[in-house]
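Below you'll find the structure, written out as structure tokens, and then a few comments.
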Amino acid sequence: MTKIIVVGGGAGGLELATKLGRTLGRKKRAQITLVDRKASHLWKPLLHEVATGSLDEGVDALSYRAHAKNHYFDFQMGSLNDIDRERKVIALSELKDEHGELLMPSRELEYDILVMALGSTSNDFNTPGVRDNCIFLDSPEQAHRFRTEMNNQFLKLHAKNGQGTVDIAIVGAGATGVELSAELHNAVKELRTYGFGDLDSSKLNVNLVEAGERILPALPPRISSAAHSELTKLGVNVRTNTMVTQADADGLTTKDGDKIPAQIMVWAAGIKAPDFMKDIGGLETNRINQLVVKNTLQTTLDDNIFAIGDLAQCTQADGSFVPPRAQAAHQMASCAFSNIIAKLNGRDLKDYIYKDKGSLVSLSRFSTVGSLMGNLTKGSMMVEGRIARVVYISLYRMHQMALHGLIKTSLMMLVGRINRVLRPNLKLH
Ligand SMILES: Cc1cc2nc3c(=O)[nH]c(=O)nc-3n(C[C@H](O)[C@H](O)[C@H](O)COP(=O)(O)OP(=O)(O)OC[C@H]3O[C@@H](n4cnc5c(N)ncnc54)[C@H](O)[C@@H]3O)c2cc1C
């Protein structure tokens with residue numbers, strides 16, 4: 001039986017493994033295996049909400065094992081560290097618990113078709129002190145670390161009867177940095193209602209630092225300026241044209257020699273694929289370690305290995321690269337699925353074409369701004385407010401639909417509504 005391995009159960013990989021399981025796995029036409037270094041999946045764009053406590057990850061996280069059982073694929077927990085293309089095997093590192101005790105020895109898994117979907121990590125561009133002093137919002141663990149540090153700072157302030165401020169610096173004003181800044185102000189508003197009466201927005205000092213001349217550089221200028229003025233209204237100190245050259249325990253230093261004091265620092269300025277991906281298995285990788293793929297999403301040097309999502313460098317017709325977004329990972333999962341079926345049936349593979357549906361940035365409960373790409377408008381149309389919020393949420397619903405189908409997704413939405421009544425608005429522990 002054909003062995004298909006998908007490595008990385010994120011926005012793209014989990015959708016692909018689910019589709020393959022439901023079709024080929026169910027009919028026993030192929031053996032599908034998903035490999036992930038974690039036991040459960042949380043959709044990455046939710047991480048800034050986990051960081052501020054607006055979302056209880058326990059409710060939204062999905063167990064790979066349970067999902068695999070229901071969708072006819074196998075799940076192997078492990079971290080990929082190498083590919084042997086001659087023997088067609090992937091190598092997984094040994095698995096240890098938090099005390100360093102061996103849980104599983106290193107292993108190899110054989111494949112006929114391999115799909116690499118292990119995403120990206122934050123790129124610190126080798127800026128001194130960043131790795132030691134900044135939090136990267138790359139994983140639920142990092143999001144928890146942020147929440148714990150933030151809650152501790154608020155507790156300290158509360159113990160001092162509200163004397164002083166909580167200083168948080170966020171480097172990089174892409175969607176992650178912008179959304180996190182707004183979410184922090186929401187968290188403070190909520191905390192006031194949970195016994196922190198001496199807290200208000202004036203006690204929260206958020207610096208959003210961006211090297212470029214405007215925030216949200218990937219979006220049209222009018223959306224940047226709408227988001228900029230919303231953030232300023234909330235009290236976020238937006239610093240554009242400011243390059244960070246160093247991070248220390250007590251704050252950031254800029255190229256102009258200014259110091260931005262901060263008790264908590266988040267680095268959200270750019271992405272790269274993990275360092276071990278460089279030239280892995282002799283495949284072609286780029287300067288940020290992404291696997292270079294053809295338009296069929298097959299890697300340039302091996303037709304049996306596909307790459308999707310943030311890990312893939314895929315060139316579009318105009319020469320630009322497909323952006324590292326959840327919507328691209330979602331679309332690539334569908335295209336890779338069709339192409340794997342076509343390959344197994346000896347048919348031609350189709351080219352992946354990125355369809356930009358627009359980008360939306362959620363400024364927590366305060367506002368949502370962004371652009372939608374419409375056939376009618378023949379370009380981008382600026383949207384704000386309630387419509388934008390509904391479309392923003394629908395991106396996550398699309399992911400849930402791809403994983404669970406309509407009925408289960410509708411039930412999950414209902415549970416979400418019930419939880420809004422039963423649980424506090426903020427995760428407080
Ligand atoms: C805070 C935040 C907010 C964002 N907001 C948005 C947004 O609003 N809209 C949008 O379009 N995009 C957003 N993004 C980007 C979006 O999350 C990514 O583009 C998308 O998740 C990429 O999907 P992926 O499948 O390539 O990788 P991921 O979703 O990152 O999944 C990768 C998976 O691989 C696993 N893995 C990693 N290394 C290994 C290994 N060595 N072995 C085995 N498994 C491994 C990981 O555990 C993970 O499950 C946001 C990102 C962040 C961090």
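If a residue must be outside any loop (DSSP other than H, G, I, E, B), within 16 Å of the ligand (Cβ to nearest atom) and of a type outside the set (S, T, N, Q), how many such residues does segment 109-129 contain?
Taking segment 109-129 and keeping what is outside any loop (DSSP other than H, G, I, E, B), we get 109-110, 113-116, 121-122.
If we keep only those that are within 16 Å of the ligand (Cβ to nearest atom) too, we end up with 109, 114-116, 121-122.
After this cut, where a residue has to be of a type outside the set (S, T, N, Q) as well, the list is 109, 114-116.
So the answer is 4.
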(request) Output yes when any residue across segment 328-344 is farther than 25 Å from K3 by Cα and either modelled with pLDDT under 95 or surrounded by 16 or more Cβ atoms within 10 Å (Cβ to Cβ) (or both), and no when none is. (result) yes
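For (1) modelled with pLDDT under 90; (2) crowded, with 19+ Cβ neighbours inside 10 Å, each residue gets a yes or a no:
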| position | (1), (2) |
| --- | --- |
| P128 | no, no |
| R131 | no, no |
| N161 | yes, no |
| V171 | no, yes |
| T176 | yes, yes |
| E183 | yes, yes |
| V188 | yes, yes |
| Y194 | yes, no |
(message) Looking at L283, L291 in this structure, which one is closer than 30 Å to L14 by Cβ and in contact with a helix residue (DSSP H, G or I) (Cβ under 7 Å, 6 or more places away or on another chain)?
(response) L291
(request) Would you mind stating whether V50 is in a helix (DSSP H, G or I), surrounded by 16 or more Cβ atoms within 10 Å (Cβ to Cβ), within 16 Å of the ligand (Cβ to nearest atom) and hydrophobic (A, V, I, L, M, F, W, C)? (result) yes
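Taking R347 as the residue in question, decide whether it is more than 21 Å from L46 (Cα to Cα) and either more than 16 Å from the ligand (Cβ to nearest atom) or touching a Ser or Thr at 6+ places or on another chain (Cβ under 9 Å) (or both).
Details: more than 21 Å from L46 (Cα to Cα): yes; either more than 16 Å from the ligand (Cβ to nearest atom) or touching a Ser or Thr at 6+ places or on another chain (Cβ under 9 Å) (or both): yes.
Judged against the criteria, R347 is a match.
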(message) Which count do you get for residues in segment 175-198 that are in contact with a strand residue (DSSP E or B) (Cβ under 9 Å, 6 or more places away or on another chain) and either in a loop (DSSP other than H, G, I, E, B) or free of Cβ contacts under 8 Å to residues at least 40 places away in the same chain (or both)?
(response) 1
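Check whether at least one residue in segment 154-168 is within 11 Å of the ligand (Cβ to nearest atom) and out of contact with any Gly (no Cβ under 7 Å at 6 or more places or on another chain), and report yes or no. Don't jump to the end; show me each part of the working.
First, the residues of segment 154-168 that are within 11 Å of the ligand (Cβ to nearest atom): none.
No, segment 154-168 contains no residue that is within 11 Å of the ligand (Cβ to nearest atom) and out of contact with any Gly (no Cβ under 7 Å at 6 or more places or on another chain).
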(request) Check whether at least one residue in segment 347-359 is modelled with pLDDT of 95 or more, of a type outside the set (S, T, N, Q) and either crowded, with 19+ Cβ neighbours inside 10 Å or under 18 Å from the mean Cα position of the chain (by Cα) (or both), and report yes or no. (result) yes
(request) Scan segment 60-77 and give yes if some residue there is more than 9 Å from the ligand (Cβ to nearest atom) and at pLDDT below 90, otherwise no. (result) yes
(message) Would you confirm whether or not segment 99-108 contains a residue that is farther than 30 Å from T245 by Cα, modelled with pLDDT of 95 or more and outside any loop (DSSP other than H, G, I, E, B)?
(response) yes
(request) Please work out if R26 is in contact (Cβ under 8 Å) with a residue 24 or more places away in the chain, touching a Phe, Trp or Tyr at 6+ places or on another chain (Cβ under 7 Å) and either under 30 Å from L204 (Cα atoms) or outside the structural domain of Q142 (by TED's automatic domain parsing) (or both). (result) yes
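Residues that are in contact (Cβ under 8 Å) with a residue 12 or more places away in the chain and crowded, with 17+ Cβ neighbours inside 10 Å: find the strands (runs of 3 or more DSSP E) completely inside segment 226-314 holding 2 or more of those.
Numbers: elements: 237-239, 244-248, 251-254, 259-261, 264-267, 302-307.
Fully inside segment 226-314 and qualifying: 237-239, 244-248, 251-254, 264-267, 302-307.
With the requirement that a residue be more than 14 Å from the ligand (Cβ to nearest atom) and either in a strand (DSSP E or B) or basic (K, R) (or both), what does segment 20-47 give you? Can you show your working first?
Narrowing segment 20-47 to residues more than 14 Å from the ligand (Cβ to nearest atom): 20-32.
Once the filter is applied, which keeps residues that are more than 14 Å from the ligand (Cβ to nearest atom) and either in a strand (DSSP E or B) or basic (K, R) (or both), segment 20-47 yields R22, R26, K27, K28, R29, A30, Q31, I32.
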(message) Can you tell me which condition A68 does not meet? The list is (1) surrounded by fewer than 21 Cβ atoms within 10 Å (Cβ to Cβ); (2) over 21 Å from the mean Cα position of the chain (by Cα), and all the others hold.
(response) (1)
(request) Give A273, A268, A226 a once-over and let me know the one that is of a type outside the set (D, E, K, R), modelled with pLDDT under 95 and within 15 Å of the ligand (Cβ to nearest atom). (result) A268
(message) I'd like to check something: does segment 324-343 contain any residue that is among the hydrophobic types (A, V, I, L, M, F, W, C) and not in a helix (DSSP H, G or I)?
(response) no
(message) Among the residues in segment 82-90, are any surrounded by fewer than 17 Cβ atoms within 10 Å (Cβ to Cβ), assigned to a strand (DSSP E or B), touching a residue at least 60 places away in the same chain (Cβ under 8 Å) and within 13 Å of the ligand (Cβ to nearest atom)?
(response) yes
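The values are calculated or read from the model by the stated rules, or taken from the named source; none is laboratory data. None of the values given here were measured: they were computed from a predicted structure. Cβ atoms come from the backbone with ideal geometry, glycine included; neighbour counts cover every protein chain shown.
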